[in-house]
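K.L.:
Have a look at the structure that comes next, please.
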Amino acid sequence: MNDKTIGAWVIHHSQKLRAVELTPDYEQISFAGKRGSVLNAFTGSEDSSITNDKMNALSQANGIHTRLELPAILNELERQRLIDKGEHGIEVLGLTSGQVLEKTAAILEEVSPKACERAAIDLSEQTSDLPMKKEHAAEYISDAYEISSQETEDILRQYEEIGFFDFEDLSEGEEKIYFNGNLFRHGEMAKANAVISSLSSADQKKVQHLLTRLTAVGCLARADAMAIAGDTLYSKLCAIGFVDENSIGNERGSFVFVTRPAAFSKFSLSVVDDAFDLAKAFVTSLTYGITTSPDSRGRIRMIEALLGKLIAGKSVGPATAIGHDYKVLEMKGVLKVSPAGHGMFTMRLLKREVGELALAVITEGEASTESLLHLPSVSATTYQGPEANRIMQRKRQSPPLKKSVANLLRDIRTGGIR
């Protein structure tokens with residue numbers, strides 16, 4: 001694995017660890033992941049200054065305690081020569097999110113992660129490529145990291161409980177199989193064909209129709225995707241990561257849009273794409289503006305012109321919707337939103353690569369990304385990424401449907417399940 005991929009898994013795993021109370025065995029992943037998430041929120045395409053107030057707001061938006069955790073994070077980032085601290089704020093080095101991932105990997109290496117932490121990253125990458133039987137996973141990490149059989153069993157149980165990856169029983173009497181939500185981002189075509197070929201002819205046509213629509217437009221409202229696939233088939237496809245759900249919320253409610261997992265991985269490794277969900281959040285926000293937002297709030301009509309202007313470093317607006325629909329992106333350091341009077345606002349793009357990827361996804365149906373970040377809920381406007389939505393979809397499934405999902409996983413093979 002290269003440093004970007006390692007950094008991406010560190011971010012992914014540190015997000016999972018936030019939901020677990022005590023994880024001393026994975027302290028170094030948490031340490032490096034929090035610093036990477038905060039650095040990505042602080043930095044933009046160019047060197048910049050951030051006031052103390054904005055720094056605290058960005059930290060809170062990333063789930064960081066400003067009194068307990070932020071001082072130590074700032075000290076580490078300054079030691080890495082990524083920021084300069086001042087009395088009224090900080091100076092931040094301009095970085096792409098790919099570079100942030102490399103820095104995150106470097107921070108992890110410096111703090112000497114345990115064997116179980118290195119194995120968690122390694123195994124997660126492998127189960128993104130192919131589903132893996134538990135016995136093969138145990139044999140691999142025991143040999144590769146010189147861990148005893150009993151300790152290996154305990155470690156795998158920890159991985160399952162934390163949620164570093166998913167697992168299912170293939171069928172009654174068979175052992176667990178490990179996989180994760182990145183399954184359809186590596187070698188997508190072969191795995192997609194394996195799933196499609198396992199379905200009935202009627203369901204095959206529905207899946208082909210759905211993929212064609214997603215490739216053509218980049219992002220579909222969930223209601224439209226479900227109308228094509230039907231409730232049961234759609235639930236199966238979401239549960240194994242065949243399609244991604246992105247949800248955005250504002251004062252009018254919550255709205256869910258669907259993308260292909262590979263839509264953001266045309267030019268780079270998918271796990272790097274999934275480390276940060278900022279581009280997905282931007283695409284979802286823009287799709288809402290195109291398809292749902294009322295004209296009175298500033299409905300988007302010329303998407304290429306709007307994004308072209310933002311990518312060129314210019315401001316767009318004024319419009320009422322800007323102050324509502326993009327607040328989550330403002331809190332994540334992607335956009336700067338400014339009042340323009342009479343309840344309207346303008347916005348300017350701070351992370352250029354996020355705008356470029358959003359434009360590619362919406363206009364071409366596919367893109368790669370170096371700047372995606374998992375976003376927790378933020379007051380008036382919220383975004384929830386595909387991983388969190390996929391886990392919710394799996395939890396809602398009935399046992400018969402879960403068995404069907406396991407059967408689909410068994411059919412995802414390029415040379416068979418390892």
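The values are calculated or read from the model by the stated rules, or taken from the named source; none is laboratory data. A quick note: this is a predicted structure, and the numbers were derived from the prediction, not measured. Cβ atoms come from the backbone with ideal geometry, glycine included; neighbour counts cover every protein chain shown.
K.L.:
From the list ALA57, ALA72, which one is more than 26 Å from ALA119 (Cα to Cα), out of contact with any strand residue (DSSP E or B) (no Cβ under 8 Å at 6 or more places or on another chain), touching a residue at least 60 places away in the same chain (Cβ under 8 Å) and among the small types (Gly, Ala, Ser)?
P.N.:
Exactly one of ALA57, ALA72 is more than 26 Å from ALA119 (Cα to Cα), out of contact with any strand residue (DSSP E or B) (no Cβ under 8 Å at 6 or more places or on another chain), touching a residue at least 60 places away in the same chain (Cβ under 8 Å) and among the small types (Gly, Ala, Ser), namely ALA57.
K.L.:
Let me ask something else about it. Considering only the range 8-39, how many residues are free of Cβ contacts under 8 Å to residues at least 40 places away in the same chain, aliphatic (A, V, I, L, M) and either surrounded by fewer than 18 Cβ atoms within 10 Å (Cβ to Cβ) or on the phi > 0 side of the Ramachandran plot (or both)?
P.N.:
Going through the range 8-39 one residue at a time, the tally reaches 1.
K.L.:
Among the numbered conditions (1) of a type outside the set (Lys, Arg); (2) under 20 Å from LYS351 (Cβ atoms); (3) modelled with pLDDT of 85 or more, tell me where SER30 comes up short.
P.N.:
(2)
K.L.:
May I pose another question? Yes or no: PRO294 farther than 17 Å from GLU356 by Cα, at pLDDT 80 or above and not charged (D, E, K, R)?
P.N.:
So PRO294 fails the test.
K.L.:
Give ALA225, ALA229 a once-over and let me know the one that is in contact with a His (Cβ under 9 Å, 6 or more places away or on another chain), surrounded by 16 or more Cβ atoms within 10 Å (Cβ to Cβ) and at pLDDT 90 or above. Before you say what the answer is, go through the steps one by one.
P.N.:
Numbers: ALA225 fails: in contact with a His (Cβ under 9 Å, 6 or more places away or on another chain).
Only one candidate passes the filter, namely ALA229.
Results for (1) crowded, with 20+ Cβ neighbours inside 10 Å; (2) among the basic types (Lys, Arg); (3) not in a loop (DSSP other than H, G, I, E, B), shown as yes or no for each residue.
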{"residue": "ALA41", "(1), (2), (3)": "yes, no, yes"}
{"residue": "LYS54", "(1), (2), (3)": "no, yes, yes"}
{"residue": "GLN60", "(1), (2), (3)": "no, no, yes"}
{"residue": "GLY63", "(1), (2), (3)": "no, no, no"}
{"residue": "LEU74", "(1), (2), (3)": "no, no, yes"}
{"residue": "LEU77", "(1), (2), (3)": "yes, no, yes"}
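K.L.:
Also, I was wondering about something else. Pick from LEU329, LEU350, LEU357: which is touching a strand residue (DSSP E or B) at 6+ places or on another chain (Cβ under 9 Å), modelled with pLDDT of 80 or more and on the phi < 0 side of the Ramachandran plot?
P.N.:
Criteria check complete, one pass: LEU350.
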